[in-house]
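For reference, the structure is listed below as C-alpha cells.
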Amino acid sequence: MSYQLKITEKPTYLHVVVTGPNTAENVVGYLQDLLRECEARQCFNVLIEENLTGRRLETWDVYQIASDSSAHARGVFHAIAYVDVNAGGELMKFAETVATNRGVPMSVFRTVAEAEQWLAGKPR
C-alpha cells in the first residue's frame, strides 16, 4: 500500500486527506486505517477528502469496497462526508447508495466546503 493519510482533528469531526495511487488495495487500506483512527480518537464523524491519482476504479471494485467496508463501519460512524477531488461521473453516488443501503451514514459532496457545512453542528 502506498497512500498517505493526513488527519486534522476538528471540533466535531476528523478531516482526512488521502493521497497516492488510485488502487482498490489503497482504498481498502485507508478505510481500515481510518476506522482505527476514529475508534482511537473517539470521533465518529469524518470528512474524507480523497485525492488519489491514476485510472478510476471499475464499478465492480467500487461496489465491492463499499459493500465490504460497510460491514465493518455499520454502527460505528455517525456521519461520513466524502469528497473525491478527481471524481468524474456518478460512480461515487453509486458508492454512497451502496453504503447507505447497508446502514452507513455516508454522503458524497462536490466540494470540501459543502461537506464541512453538512458536518457542522453534528455531535462528535
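The values are calculated or read from the model by the stated rules, or taken from the named source; none is laboratory data. Keep in mind it's a predicted model, so treat the numbers as computed, not measured. In this analysis, Cβ positions are derived from the backbone assuming ideal geometry, glycine residues included, and neighbour counts consider all displayed protein chains. Each accessible area value is taken on the protein alone, full model and side chains, heavy atoms only, with ligands, DNA and RNA left out. Shrake-Rupley method; radii C 1.70, N 1.55, O 1.52, S 1.80 Å.
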Pairing a residue in segment 1-30 that is free of Cβ contacts under 8 Å to residues at least 60 places away in the same chain and of a type in the set (A, V, I, L, M, F, W, C) with any residue that is surrounded by 14 or more Cβ atoms within 10 Å (Cβ to Cβ) and part of a loop (DSSP other than H, G, I, E, B), where Cβ atoms lie under 8 Å and the two sit 6 or more apart in sequence or on different chains, gives L14/C43; V18/Y3; A24/L57; V27/L57
For a quick check of your reading of the model, give me the residue pairs whose first member lies in segment 96-123 and is among the aliphatic types (A, V, I, L, M), whose second is open to solvent by 60 Å² or more (accessible area, probe 1.4 Å) and in a loop (DSSP other than H, G, I, E, B), with beta-carbon atoms closer than 6 Å and at least 6 apart or on different chains. V104/R74
Sole miss for G20 among (1) over 14 Å from the mean Cα position of the chain (by Cα); (2) closer than 18 Å to L119 by Cβ; (3) open to solvent by less than 50 Å² (accessible area, probe 1.4 Å) is condition (2)
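Residue-wise test of (1) under 13 Å from H15 (Cβ atoms); (2) open to solvent by 60 Å² or more (accessible area, probe 1.4 Å); (3) small (G, A, S).
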site	(1), (2), (3)
V46	yes, no, no
N51	yes, no, no
V85	no, yes, no
G89	no, yes, yes
T100	no, yes, no
R110	no, yes, no
L119	yes, no, no
P123	no, yes, no
Among (1) in contact (Cβ under 8 Å) with a residue 12 or more places away in the chain; (2) open to solvent by 30 Å² or more (accessible area, probe 1.4 Å), E58 falls short only on (1)
